[in-house]
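Trainee: Input: one structure, supplied below.
The values are calculated or read from the model by the stated rules, or taken from the named source; none is laboratory data. All values derive from a computational prediction rather than experimental measurement. Don't worry about glycine lacking a Cβ; one is built from the backbone with ideal geometry, like all the others, and counts go over all protein chains shown.
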Amino acid sequence: MRRLGRYSAMEEEDEQEHGIDLAPMLDFVLNLLIFFIITAAFSKELGLVLSRPPPSNQNKQNQDDSTMYIAVHRNGEISIDQRVVDPDAVRANVERFHAEKPEGPVIVVSDVKAPTGVVVGVMDEVRQGGVTNVSIAPSGL
């Protein structure tokens with residue numbers, strides 16, 4: 001049986017072109033790779049690294065009377081020297097402490113689940129009270 005000429009020409013073309021051209025896909029993958037390398041170089045994660053002092057240093061700090069400790073609790077309460085105070089009274093306490101000990105630091109000890117707005121508000125009140133040496137320490141880890 002004899003085949004028609006046009007069908008035999010198509011069969012020959014099919015036999016010659018049996019592979020898939022991967023060059024466009026490789027170009028695309030290479031462009032993606034270059035894009036991700038460039039963008040990864042410019043992305044910087046911002047973070048705050050907190051390190052806790054060793055236990056021996058904490059005992060020395062607790063015995064030191066020249067440091068004021070302000071605690072912000074999980075429920076948002078503020079305490080200074082183991083007594084709960086109103087948020088509006090923080091600045092007055094800090095001003096009194098600063099008048100007695102001008103170089104004395106203030107450490108804000110905040111629970112990790114404390115409301116962020118309260119912690120920032122306490123730090124603002126401390127700075128407005130005249131103390132520039134303000135530190136923050138986590139608790140409840």
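Trainee: Among the candidates 122, 84, 108, 112, single out the residue that is more than 17 Å from residue 136 (Cα to Cα) and in the same structural domain as residue 135 (by TED's automatic domain parsing). Lay out the reasoning, then the answer.
Mentor: Details: 122 fails: more than 17 Å from residue 136 (Cα to Cα); 108 fails: more than 17 Å from residue 136 (Cα to Cα); 112 fails: more than 17 Å from residue 136 (Cα to Cα).
Only one candidate qualifies: 84.
Conditions (1) out of contact with any Cys (no Cβ under 8 Å at 6 or more places or on another chain); (2) at pLDDT 85 or above; (3) hydroxyl-bearing (Ser, Thr, Tyr), marked per residue:
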{"site": "60", "(1), (2), (3)": "yes, no, no"}
{"site": "66", "(1), (2), (3)": "yes, no, yes"}
{"site": "71", "(1), (2), (3)": "yes, yes, no"}
{"site": "74", "(1), (2), (3)": "yes, yes, no"}
{"site": "81", "(1), (2), (3)": "yes, no, no"}
{"site": "84", "(1), (2), (3)": "yes, yes, no"}
{"site": "96", "(1), (2), (3)": "yes, yes, no"}
{"site": "101", "(1), (2), (3)": "yes, yes, no"}
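Trainee: In region 109-121, is there at least one residue being closer than 13 Å to residue 67 by Cα and touching a strand residue (DSSP E or B) at 6+ places or on another chain (Cβ under 7 Å)?
Mentor: Taking region 109-121 and keeping what is closer than 13 Å to residue 67 by Cα, we get 109.
Pick out the ones that are also touching a strand residue (DSSP E or B) at 6+ places or on another chain (Cβ under 7 Å) and you get 109.
Checked against the condition, which is being closer than 13 Å to residue 67 by Cα and touching a strand residue (DSSP E or B) at 6+ places or on another chain (Cβ under 7 Å), region 109-121 yields at least one hit.
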